[in-house]
Amino acid sequence: MRKSLIAGNWKMYKTTKEARDYIHELRNADWDVDREVAVLAPFTCLTVFHEAREWSRVQYGAQNMSWEKEGAFTGEISPLMLLELGCKYVLVGHSERRQVMGESEEMINSKIKRALECGLVPIFCVGETLEEREKGQAEKRVAEQIRLGLQGVSSGHDLVVAYEPVWAIGTGLNAKATDAQEMCSFIRQALGRMYDQKWAGLVRILYGGSVKPDNAGEFMSQDDIDGALVGGASLDPAVFRSIVNY
């Protein structure tokens, strides 16, 4: 049985004070024991989650990390630094890192391997652009991202894959639940071909892209969708709580 994961990606929003207020607002929030809630916060806010770890039910992680443990890499964050702050998750391969920051498939692969080596759980993002989908290349592109991103990665690790169609991120558009299910099923099959069906059946696959309280339940009812990667809607604790309690 795969445990549902609802993860909020704050992107470059919230000060430490705002993060502290947010966590306190979620303190008395209730959700089913069969689902896990996490926030992927800016680096400056991670200490706030670390301080609240004794009483907060919210797991947390970072939005990025270096593929190196340490070194002369100005502006980068080591996975060891994230572990020291109690992080469980780290986003890898988000479309904004790929498209805006120019991260290559090789860089993404190196980050996944380093995260797993250090004991972090990567949330590995894949997804096609609108142009690729309209040309009928969506599955080809996602399969390529999976193949290159997981090259040299053995099965058995705790890995999360997030399917985020690039055209549905922050646009107000979102894939139909059946379309998202079709791609998430394809991802699980691709993992099964690369590794084995047993491990592929354990990997949690999330859908991300304009997830809101009024559509979260529809996505979560699909067989191969095990949770959501929530962007803008996760910034408001009341809205995020509604998504968690889909």
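The values are calculated or read from the model by the stated rules, or taken from the named source; none is laboratory data. Here the structure is a predicted model, which is why all the values come from computation and not from measurement. Glycine gets a Cβ as well: all are built from the backbone with ideal geometry, and neighbour counts include every protein chain shown.
Residues in segment 144-166 that are aliphatic (A, V, I, L, M) and closer than 21 Å to Leu116 by Cβ: Ile146, Leu148, Leu150, Val153, Leu159, Val160, Val161, Ala162. Might you let me know whether segment 159-181 holds any residue that is out of contact with any helix residue (DSSP H, G or I) (no Cβ under 6 Å at 6 or more places or on another chain), of a type in the set (A, V, I, L, M, F, W, C), surrounded by 18 or more Cβ atoms within 10 Å (Cβ to Cβ) and within 22 Å of Val33 (Cβ to Cβ)? Yes, that holds for at least one residue.
For the residues Trp67, Trp31, the requirement of being modelled with pLDDT under 95, assigned to a loop (DSSP other than H, G, I, E, B) and surrounded by 16 or more Cβ atoms within 10 Å (Cβ to Cβ) singles out Trp31.
Contact map, segment 80-104: residues that are within 9 Å of Gly61 (Cα to Cα) paired with residues that are surrounded by fewer than 20 Cβ atoms within 10 Å (Cβ to Cβ) and basic (Lys, Arg), Cβ distance under 7 Å, separation 6+ or inter-chain. Pairs shown: Gly86/Arg53.
In segment 35-61, the residues that are part of a loop (DSSP other than H, G, I, E, B) never reach a residue that is of a type in the set (Gly, Ala, Ser) and crowded, with 24+ Cβ neighbours inside 10 Å with C-beta atoms less than 6 angstrom apart, at least six apart or across chains. Here the condition is being touching a residue at least 24 places away in the same chain (Cβ under 8 Å) and farther than 23 Å from Gly149 by Cβ; of Arg20, Arg2, it holds for Arg20 alone. Checked against (1) within 18 Å of the chain's Cα centre (by Cα); (2) outside any loop (DSSP other than H, G, I, E, B); (3) over 22 Å from Pro42 (Cβ atoms), His157 meets all criteria but (2). Among residues of segment 223-245 being part of a loop (DSSP other than H, G, I, E, B) and out of contact with any strand residue (DSSP E or B) (no Cβ under 8 Å at 6 or more places or on another chain), the one that is nearest to Ile187 (Cα to Cα) is Asp223.
Before we move on, is Tyr207 under 27 Å from Asn109 (Cβ atoms) and buried (at least 21 other Cβ atoms within 10 Å of the Cβ)? It is true that Tyr207 is under 27 Å from Asn109 (Cβ atoms) and buried (at least 21 other Cβ atoms within 10 Å of the Cβ).
All told, Ala143 meets the bar of being over 23 Å from Asn9 (Cβ atoms), part of a helix (DSSP H, G or I), in contact (Cβ under 8 Å) with a residue 40 or more places away in the chain and of a type in the set (A, V, I, L, M).
Scan segment 87-115 residue by residue and report those that are among the small types (Gly, Ala, Ser), crowded, with 16+ Cβ neighbours inside 10 Å and at pLDDT 95 or above. The answer is Gly93, Ser110, Ala115. Selection within segment 146-157: residues that are at pLDDT 95 or above and more than 15 Å from Gln189 (Cβ to Cβ). The member of this set that is surrounded by the fewest Cβ atoms within 10 Å (Cβ to Cβ) is Gly152.
Which one of these is touching a Leu at 6+ places or on another chain (Cβ under 8 Å) and without any contact (Cβ under 8 Å) to a residue 40 or more places away in the chain: Val211, Val239, Val203? Of the residues listed, the single one that is touching a Leu at 6+ places or on another chain (Cβ under 8 Å) and without any contact (Cβ under 8 Å) to a residue 40 or more places away in the chain is Val211. The sole residue among Leu148, Leu80, Leu91 that is part of a helix (DSSP H, G or I), under 19 Å from the mean Cα position of the chain (by Cα) and not acidic (Asp, Glu) is Leu148.
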